[in-house]
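Data block below; observations after.
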Ligand code: PMV
């Protein structure tokens, strides 16, 4: 896929100021992407639930620059406050996209962003923020040039761009579940962008994902550094093969609605991700004592009640609780009575499978 397009330049004197906005969700991978190569290309296929509540809202106001300047020019406001850290990150990202969108050098951008989840909840926001930004860029292209009229083309390009910002962000473009990475199971799957998973059994379309906020602190090792450590991890090749096998088994469970098989794979993947961190050189650990305590409670609850409550983890200490809609009251009671003690400030987010980004 080559999205470089030198014809996407505006006529400054004829270009009117405009505004675009998108609300885009975070996602939770069930088969994890951990290890990459080239320009944000995954070592194994991954598949995730797109969430509903944990979202980023992003608006871009654009206008032709008043003076000629070869750089990307922007202001960035997070929660209505100017934010220099985020500005620097977004500036770097957009500066890398000027062959795809040459018009970025011709406009001044005012970018405003807010998260629907608490800023300090320790929730990774790169998937929601990068996908929201990528969707806004595609809307700008559409407004300025009348291109990307077909929804499928629009989404594919947005997913490609989101991937360049943060690999896992490419999956947030689609509601339900999305697949990223070449696999013999899905002919349309690609390493460069995500595709929607269209054969999801009904039971998974309303699946819940409650996120226990075990710790809000900054992670000691970033995802970027974690991916890099896979290059020297002596278990890496076996891990990529394991992910491919589990991907196949998971797809079959997702099609047939086998929630037990689904849950077992979800837990095994979460623990594999953290085991890879422990096996890195140097090793690192993102789990906290309360993560482990909550995991034990979940497994005990499952044994005692026979209810299909399973967990997953992202690259952090917070525990994701995965369960079908019909046991929601039981799980709510269990969280409030037994799990909330492990959450920082008793905080948890009730989320579920969502229908994907919406234009604002
Ligand atoms: O997209 P990144 O580079 O932040 O990596 C995310 C990796 C995991 O969240 C741990 C797994 C995944 O597939 O989302």
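Bear in mind these aren't lab numbers, they're just calculated from the coordinates by the rules spelled out. This structure is a prediction, so every number in the text was calculated from the model and none was measured. Every residue, glycine as well, gets a Cβ built from its backbone with ideal geometry; the counts of neighbours run over all protein chains shown.
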If you take the square roots of the eigenvalues of the alpha-carbon gyration tensor of the range 202-358 and sort them as a ≥ b ≥ c, do you get rounded (a/c under 1.5), prolate (a/b over b/c) or oblate? oblate
Going by Cα centres, the range 283-360 and the range 53-86 are how many Å apart? 35
Report, to the nearest 10°, how far helix 126-145 tilts away from the longest principal axis of the Cα atoms in the chain, using its own Cα long axis and a range of 0 to 90°. 30
With angles folded into 0 to 90 degrees, how steeply does helix 151-165 sit against the dominant principal axis of the chain? Use alpha carbons for both and round to 10. 80
Packing-ranked peptide list from 175-186, 295-306, highest mean Cβ count within 10 angstrom first, is 175-186, 295-306
Specify the inter-centroid distance of the range 123-158 and the range 159-215, based on alpha-carbon positions, in whole Å. 16
Which order do the peptides 270-281, 12-23, 78-89 come out in when sorted by mean C-beta neighbours inside 10 angstrom, highest first? 270-281, 12-23, 78-89
Of the peptides 233-243, 48-58, how do they stack up when ordered by the mean number of other Cβ atoms within 10 Å, highest first? 48-58, 233-243
If each residue of separation counts as 0.36 nm, what is the full-extension length gain between residue 151 and residue 206 once their alpha-carbon separation is subtracted? 17.4 nm
Whole-number D in µm² s⁻¹ for the chain, Kirkwood Cα-pair radius fed into Stokes-Einstein, 4 °C, 1.567 mPa s: 61
Just the number, please: Stokes-Einstein D of the range 240-280 in µm²/s, Kirkwood Rh from C-alpha pairs, 37 °C, 0.692 mPa s. 308
Any idea what angle helix 236-256 forms with the longest principal axis of the chain, computed on alpha-carbon atoms, 0 to 90 degrees, nearest 10? 80
Would you calculate, for the chain, the mean residue ellipticity at 222 nm contributed by helices, counting each DSSP H stretch of 4 or more residues as -39,500 (n - 2.57) and dividing by all residues, to the nearest 500? -11000 deg cm²/dmol
Tell me, Kirkwood radius of the range 38-92 from alpha-carbon pair distances, in Å? 15.1
Pairs of alpha-carbon atoms within less than 8 angstrom and 6+ residues apart define the contacts here; what relative contact order does the chain have, in percent? 23
Per the Debye formula with a single identical scatterer at each Cα and no solvent contribution, what log10 I(q)/I(0) holds for the range 73-217 at q = 0.22 Å⁻¹? -1.44
